[in-house]
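Undergrad: The structure that follows is given in the form of structure tokens.
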Amino acid sequence: MIELVVACFIGISIGTITGMIPGIHVNTAGAILFASSAFLLSFISPEFLCIIMVAMSIAHALIEFVPSMLLGVPQEGTATSILPGHRMVLQGRSKEVIRIVSIGGFGAIIVTILMLPIFAIVLPVLHDISKPYTWIILLFASIYLTYKLTSNNRDFIWSLLLFVLSGILGWIIFQTPISSGVSLMCTFSGLFGISTILFSLNDSSTIPHQNKFYELDLDFNKFKSIFAGGITGAILGFLPGFGPAQGTVIAQAASGANDNDDDDTVNFLLATSGLNVSDCLFSLIAIYIIGNPRSGIAVYMSYLISEMSLNHLAIFIFASLIAVSVSLALSLKLGDSFSRLMSGVDYKKLSIGVILLQILILYIFIFYYGAPFGYMTLALITSTALGMLPHYIGVGKSHLMGVLIIPAIVIYMQMFI
């Protein structure tokens, strides 16, 4: 029991560090641990290492909201095309938004664990029935979600084009023998990280004074949003290639929230933060439920433990409860500290520093894994340029998730046609 707790806190520490550094994906940290497993397993058991990975992924998923909510904040006039959380930061409500996303993630983990018996009965049957048709489900769901995320025909056409272009980029990137951890880090840094901050620099963004006081009362609608986030996270963990961006539409429908209505912004953020953390947990326990890992961390765990038993599942759930509880407190503390820091620094200089840090970290991993320097540089430039397009066109960046979805569609088509 003591060893389990020690492993949890090691994982939480790693996840906190990776979560607070923009551009670092939890799969990259997992790849480093897995690459070092031959050495580490001389001192620790495979279960100990897996517990570290579970706690790390949960902590990262919750704490990464702190920098993501407070960096890349656009100018007030363009905030409607970005995250509702950024709009709240522009209103001086950063402490409130950090509490919303933290509670949403914590509550969704609880929902996922409570619903686990139902998932264990229903999902294996659905998985066996739907597997040959997965590519069809992904294709039609992608088109439908793209339609729901746009307001007119012009935006719909542009969004489909961005979806296809990002999918082509993803297919090209993943066809190379380069480590998937480095490839994902490079692509996502360009598509969603560097491009967003570059756009905010172009708008001469500033961070206004942040309120010291906040108000967050949990009522039935908020609990409904948290529940919707937990259920949606499990659905995303079941469908390969889908991420929180696509789950936003499902969570909105289930919770009745609307990201454009200020009264529903809190419910929207509760649902979307919840589905992100819930998806992280479900992708791990999917190894036991459907025998198929749904994330990079889950893949590494499946190699370390060839056959996951019910005892393993119970240990990992216990580890996730410890991780999400400690990470909730850390997220609130770090969020408040980060909020005070943001109000007293030059946002433009900070943003440039974050971009340089992301690039530095990326090239450290490029050299570590021996990836081709020129090819990865071209991939970073291409993904950053593509990531800038939604801002100038005026559509959401969620359509760029085609970078994962289209390769998944092609792979499943090749498997079952």
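The values are calculated or read from the model by the stated rules, or taken from the named source; none is laboratory data. Worth saying up front: this structure is predicted, and the values here are computed from it rather than measured. No Cβ is skipped: glycine too gets one built from the backbone with ideal geometry, and neighbour counts run over all protein chains shown. Surface areas here come from the heavy atoms of the whole protein model, side chains and all, with no ligands, DNA or RNA. Shrake-Rupley method; radii C 1.70, N 1.55, O 1.52, S 1.80 Å.
Undergrad: For the pair Val5 and Ser36, how long in nm is the line joining their label points, each one 7 Å along Cα→Cβ?
TA: Distance between label points: 2.4 nm.
Undergrad: Hey, another quick one. Keeping all protein chains in place and using 1.4 angstrom, which order do Glu3, Glu47 fall into by accessible surface area, from largest down?
TA: Values: Glu3 130, Glu47 65 Å².
Descending accessible area places them as Glu3, Glu47.
Undergrad: Cross-link list Lys148/Lys349; Lys95/Lys348; Lys212/Lys397; Lys148/Lys224: which exceed 25 angstrom alpha carbon to alpha carbon?
TA: On the way: Lys148/Lys349 37 Å; Lys95/Lys348 21 Å; Lys212/Lys397 31 Å; Lys148/Lys224 21 Å.
Over 25 Å apart, Cα to Cα: Lys148/Lys349; Lys212/Lys397.
Undergrad: Follow-up. Considering only protein heavy atoms, with the full assembly of protein chains and a 1.4 angstrom probe, order Trp171, Trp158 by accessible area, largest first. Intermediate values should be presented prior to the final figure.
TA: On the way: Trp171 75, Trp158 100 Å².
Largest to smallest exposure gives the sequence Trp158, Trp171.
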